[in-house]
1. Determine the share of the range 37-164's accessible area contributed by carbon and sulfur atoms, expressed in whole percent, with a 1.4 angstrom probe.
2. Just subtract the alpha-carbon distance of D406 and F139 from 0.36 nm times their residue separation and send over the number in nm, one decimal.
3. For the range 135-150, in order, what is each residue's ³J(HN,Hα) by Karplus, 6.51 cos²θ - 1.76 cosθ + 1.60 with θ = phi - 60°, in whole Hz (x at glycine and Pro)?
4. Relative contact order for the chain: what percent, with Cα pairs under 8 Å and sequence separation of 6 or more?
5. Looking at the square roots a ≥ b ≥ c of the eigenvalues of the Cα gyration tensor of the range 37-164, which shape do they give, rounded for a/c under 1.5, prolate if a/b is larger than b/c, or oblate?
6. Could you derive backbone 3J(HN,Hα) for the range 303-312 from the dihedral phi with the Karplus parameters 6.51, -1.76 and 1.60 (θ = phi - 60°), listing whole Hz in sequence and x where the residue is Gly or Pro?
7. Rank these residues by their accessible area, most exposed first, probe 1.4 Å: H423, H81, H135.
8. Apply 1/(1 + (r/R0)^6) to the Cβ-Cβ distance of A384 and K155, taking R0 = 41 Å, and write down the FRET efficiency to the nearest 0.05.
Amino acid sequence: ALRKARRQEQLVSKRLLREDTTAEERGQDGAEIVPDPLSEDEVLELLRGVQRGSEDRRRSLSRLRWALQNKDTQQKFVRLHGSIQTLIGLFTSSLADMQMEAARCLHELSHSNDPAVAEACLPVTSYLLTYLSGHSVEFTELCLYTLGNLVVESKAVRKQLLPQGIIPVLASCIQSPHEAVLEGLGYVLSQFLQAKEAPTEIIPLVLDSVLPQHMLRLVCSGLKAGTGAALEFAWCLHYIICSHTANTALLSLGALPALTSLLLDLASEIPQDAPEGLELLICPVLRCLSNLLAEETGCEVQIQDERLLIALFLILQCFLQQHPFIAQECLWLLNNLTADKPFFCSALFSLDLLPALLQLLPCSQMASVLVLTVLCNIAEKGPAYCQQLYQQPALPLLLPTLTLPDPEVVGQCLELLHLLFLHWPEAATDFVRQGGHRALEQHQSTPELQERARAL
């Protein structure tokens, strides 16, 4: 499910830490059993057991934590007067076992999809922040994922956490030596950065902190090892770059050469049998580079390295069949590399990579559009480039493309033909000789294509 969400860039998701489930909470096959909903009287009795302060309080708290795995029970619990305050009292107590069990109860509540449950947890947010420093790694991790879940569900929670100073607190957490803490931190931050208000209210605060440089460092040092924290921070960088407000700051930190070097390393170490999940490490790096190049004119000069093209085609070759969305990411980056300066256009010819690019034309609608766009970028560079395209030869592959029913693909093909005919007229003569004019005639009745088809 996470992999699918990563692909579709729908990454607002909740996470649940339940590694401590007991034997009686599991079925015969080892799967967790979701408890039946409790009546209001039963929930009240559990709450009273927690409040009484007897020796059985720990057991009552444990039973409550398990009961709160049921969504109906959660709603009944938060409606009870003093329920959240009781949990907060135990969460902030000096008894470590009570504190941990109360934290688990709050974590179960944070996983609810009911906004009313999330907002009932508002009073606990300041305490969650306080406990991010100190305590055990397990406790800190639990607090982070509870915060992350609450952030997903409620704008009210996000608006409360920002004045409480969550960004500086997260910035101090990023110095942690513990992978589990860093991954939890990445989760909280990624949920914040996907909020609608992130570009105006959250990202400026992040940029004013030490988070960006540490994220960049952790991504570049950790992605090759496949750590969860590095993956989380790679997506965080992607969200920051997509906001269009942070690129100058990230470029000044050396993001472009650092991410380029990382992509070269990742591509050079892809095994023949790429393990499942490797595509998730590569995807955010491709997107970060693409978006940085798209936003900043002239920054391609900083990465005039032919090896980047070789890396892209290695990744294409490796993931095209199993994970075609990665091919689209590679082609989008190739489009941005070839859009302005001729360096990478020339390198495609000198490295003899054009045949491999042309082979991608029939892969998918999106691949076709992107391949044709890259070819247009090359053709725009003038007669010498159009001559090389003509000699490859590209025309025989373009003729079948013209017969496709997709107006976007055909439109991009017409644009490429226009550039070829303009800069290398011999291509027009050959096109007619191969019967291409008949393919153009069939588009003269398509409203969005007829003017360009008639002009050609």
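1. Answer for the range 37-164: carbon and sulfur cover 48 percent of the accessible area.
2. Additional length available on full extension: 90.7 nm.
3. 6, 7, 4, 4, 5, 4, 4, 4, 4, 5, 5, 5, 4, x, 5, 5
4. With pairs under 8 Å counted, the relative contact order is 8 percent.
5. Here the range 37-164 falls in the oblate category.
6. With the stated coefficients, the range 303-312 comes to 10, 7, 9, 4, 4, 5, 5, 4, 4, 4 Hz.
7. So, going from the largest accessible area down, we get H81, H135, H423.
8. Efficiency, from the Cβ-Cβ distance: 0.15.
The values are calculated or read from the model by the stated rules, or taken from the named source; none is laboratory data. Predicted model only: the values in this text are computed from it and were never measured. Counting neighbours? That spans all protein chains shown, and the Cβs are built from the backbone with ideal geometry, glycine included. For the accessible areas, the whole protein counts, side chains as well, though only heavy atoms, and no ligand, DNA or RNA atoms are used. Shrake-Rupley method; radii C 1.70, N 1.55, O 1.52, S 1.80 Å.
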